[in-house]
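Working notes, beginning with the structure itself.
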Amino acid sequence: MASSSSSVIIHFFILSLSLFSLSSLSASSQPHSFILPIRKDPSTNLFYTSLGIGTPRTNFNLAIDLGGENLWYDCDTHYNSSSYTPIHCDSKQCPEIGCMGCNGPFKPGCTNNTCPSPALNSFAKFIYGGGLGQDFIFISQTKVSGLLSSCIDTDSFPSFTGNESALNGLPKNTKGIIGLSRSNLSLPKQLALKNKLPPRFSLCLPSSNKQGYTNLLAGSDDKFSKFVQTTPLIVNPFSTGPVSVKGVSSNEYFIDVKAVKIDGQVLNLKPSLLSLNKKGNGGTKISTLTPFTELHTTVYKPFIRDFLKKASDRKLKRVKSVAPFEACFDSTSIVKSLPRVDLVLQKDVQWTIHETNLLVNVRKNVACVGIVDGGTESRMSFTKPSIVIGGHQLVDNLLVFDLSSSKLSFSSSLLVHNASCS
């Protein structure tokens with residue numbers, strides 16, 4: 001590699017480390033370093049992190065949900081914490097209407113006159129009522145007080161199993177969810193308020209057997225803008241989660257995809273298919289609880305048709321589909337690159353889905369396009385996006401969510417810079 005290229009890569013690494021506060025220089029510019037490791041669960045293709053809660057400290061593996069409203073964990077019969085304090089229903093810290101109680105002995109997950117804070121899991125069949133409380137939270141080795149979270153005692157629902165379980169669909173080693181949405185109860189928003197800093201966090205998801213990171217309170221570095229592109233975060237004026245409240249906008253993250261390109265050619269779609277409509281349907285959402293990018297059927301059909309045509313032109317040998325994927329190929333026939341896929345955003349900014357994010361190796365010599373038909377019906381929501389960018393397409397892509405300016409900075413694949421989230 002030429003020396004000029006090496007200097008660019010080295011500079012990229014330095015700036016990446018600065019963003020993640022992994023160097024002492026960046027750590028000194030903030031009150032604390034709020035970095036959590038991220039791993040990928042190969043069984044579910046979801047991502048999780050680990051943090052400590054309570055006294056004595058108990059470590060919890062928690063699934064990462066970009067659209068999650070709060071941090072909630074399973075405070076079952078084996079868990080207790082002497083430092084746990086429930087938030088009363090009439091407290092200014094209680095954002096919900098209503099009150100919770102419990103007949104059992106006092107412990108986290110069983111308190112009276114407690115502010116409700118639901119445990120939401122889009123894979124679960126029901127919404128579970130958790131109680132809002134305060135306790136020590138350990139983010140890596142940093143002990144933080146005054147943060148709000150929700151806990152639910154799953155042992156109090158012994159008959160709820162399978163898809164009725166609050167933990168249904170999550171990695172088997174996890175005991176809850178860490179939500180990173182716009183909600184005031186998400187950890188990025190709480191940490192920003194506590195430290196009097198703008199809410200801004202970074203996310204870098206790893207491939208299997210690797211480790212990525214999230215910095216829940218990322219600093220800013222103007223020089224870093226040379227290596228990323230920026231696009232506005234769009235607010236969907238309608239609730240998009242399982243709980244819909246009239247007049248309350250969504251806390252999930254949407255971006256404005258104007259068009260989809262395959263090998264530089266714009267997919268022939270009506271613009272209305274990609275935009276948000278008057279009922280909150282449509283648009284493009286980013287989700288870590290969606291393993292693979294999903295396209296509404298009206299977008300998927302022309303996409304997969306055109307992609308297969310381009311693949312055929314490149315002499316790629318198609319093989320039998322492997323659910324949930326339709327477009328599968330003999331990987332030995334992929335001598336050159338696959339057809340290139342780009343999402344065209346505002347001001348002609350393009351998010352390129354590179355080959356490693358596009359393909360899924362499903363078995364020996366078989367690779368499939370990791371974009372699936374999302375159907376026409378919503379799941380655990382009253383609205384249906386046109387595109388949901390899933391976790392596989394986010395792997396080794398650096399994302400920075402700046403909630404104060406409502407902007408998303410993204411790198412596309414770091415692998416093209418000889419870097420990765422690991």
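The values are calculated or read from the model by the stated rules, or taken from the named source; none is laboratory data. Note that this is a predicted model, so its numbers are computed, not measured. With ideal geometry, Cβ positions are generated from the backbone for all residues, glycine too; neighbour counts draw on all protein chains shown. Just the protein is used for accessible areas: all its heavy atoms, side chains included, with ligands, DNA and RNA removed. Shrake-Rupley method; radii C 1.70, N 1.55, O 1.52, S 1.80 Å.
Summary of values
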item	result
The one condition in (1) more than 30 Å from Lys278 (Cα to Cα); (2) aliphatic (A, V, I, L, M); (3) touching a strand residue (DSSP E or B) at 6+ places or on another chain (Cβ under 9 Å) that Val335 fails to fulfil	(3)
Some residue of the stretch 302-322 being open to solvent by 40 Å² or more (accessible area, probe 1.4 Å), under 27 Å from Leu414 (Cα atoms) and touching a His at 6+ places or on another chain (Cβ under 9 Å)	no
So Thr298, is it open to solvent by 60 Å² or more (accessible area, probe 1.4 Å), β-branched (Val, Ile, Thr) and under 19 Å from Gln265 (Cα atoms)	yes
Test: residue in the stretch 133-140 that is part of a loop (DSSP other than H, G, I, E, B) and either open to solvent by less than 50 Å² (accessible area, probe 1.4 Å) or free of Cβ contacts under 8 Å to residues at least 12 places away in the same chain (or both)	yes
Strands (runs of 3 or more DSSP E) completely within the stretch 204-315 that count 1 or more residues being touching a Lys or Arg at 6+ places or on another chain (Cβ under 7 Å)	229-234, 259-262
In the stretch 327-358, residue nearest to Phe410 (Cα to Cα) [restricted to those that are in contact with a helix residue (DSSP H, G or I) (Cβ under 8 Å, 6 or more places away or on another chain) and in a strand (DSSP E or B)]	Ile353
Test result for Tyr48, out of contact with any helix residue (DSSP H, G or I) (no Cβ under 9 Å at 6 or more places or on another chain), more than 22 Å from Gln134 (Cβ to Cβ) and part of a strand (DSSP E or B)	yes
Where a residue in the stretch 311-332 is over 16 Å from Asn365 (Cα atoms) and its partner, wherever it lies, is assigned to a loop (DSSP other than H, G, I, E, B) and open to solvent by 90 Å² or more (accessible area, probe 1.4 Å), with Cβ under 7 Å and at least six apart	Arg314/Lys336
Residue in the stretch 91-99 that is of a type in the set (A, V, I, L, M), open to solvent by less than 80 Å² (accessible area, probe 1.4 Å) and on the phi < 0 side of the Ramachandran plot present	no
Subset tally (residues that are touching a Phe, Trp or Tyr at 6+ places or on another chain (Cβ under 6 Å) and not charged (D, E, K, R)) for the stretch 114-144	4
Selected residue (criterion: surrounded by the fewest Cβ atoms within 10 Å (Cβ to Cβ)) from residues of the stretch 359-394 that are among the aliphatic types (A, V, I, L, M) and outside any strand (DSSP E or B)	Met380
Subset of the stretch 229-243 (residues that are open to solvent by less than 40 Å² (accessible area, probe 1.4 Å) and either of a type in the set (A, V, I, L, M) or in contact with a strand residue (DSSP E or B) (Cβ under 8 Å, 6 or more places away or on another chain) (or both))	Thr231, Leu233, Asn236, Thr240
Residues within the stretch 141-180 that are surrounded by fewer than 23 Cβ atoms within 10 Å (Cβ to Cβ) and of a type in the set (Gly, Ala, Ser), tallied	7
So Lys407, is it open to solvent by 70 Å² or more (accessible area, probe 1.4 Å) and under 17 Å from the mean Cα position of the chain (by Cα)	yes
Filter result (within 13 Å of the chain's Cα centre (by Cα), part of a loop (DSSP other than H, G, I, E, B) and either farther than 18 Å from Phe60 by Cα or of a type outside the set (S, T, N, Q) (or both)) within the stretch 161-194	Leu180, Ser181, Arg182
Residue list for the stretch 323-357, filter: aliphatic (A, V, I, L, M) and crowded, with 18+ Cβ neighbours inside 10 Å	Ala327, Leu338, Val341, Leu343, Val344, Leu345, Ile353
Qualifying residue in the stretch 95-115 (condition: in contact (Cβ under 8 Å) with a residue 24 or more places away in the chain and within 21 Å of Ile64 (Cα to Cα))	no
Residue in the stretch 79-95 that is within 21 Å of Lys172 (Cα to Cα), part of a strand (DSSP E or B) and among the hydroxyl-bearing types (Ser, Thr, Tyr) present	no
From Thr44, Thr77, residue being at negative phi and modelled with pLDDT of 90 or more	Thr44
Checklist (1) surrounded by fewer than 20 Cβ atoms within 10 Å (Cβ to Cβ); (2) over 21 Å from the mean Cα position of the chain (by Cα) applied to Lys210, failing item	(2)
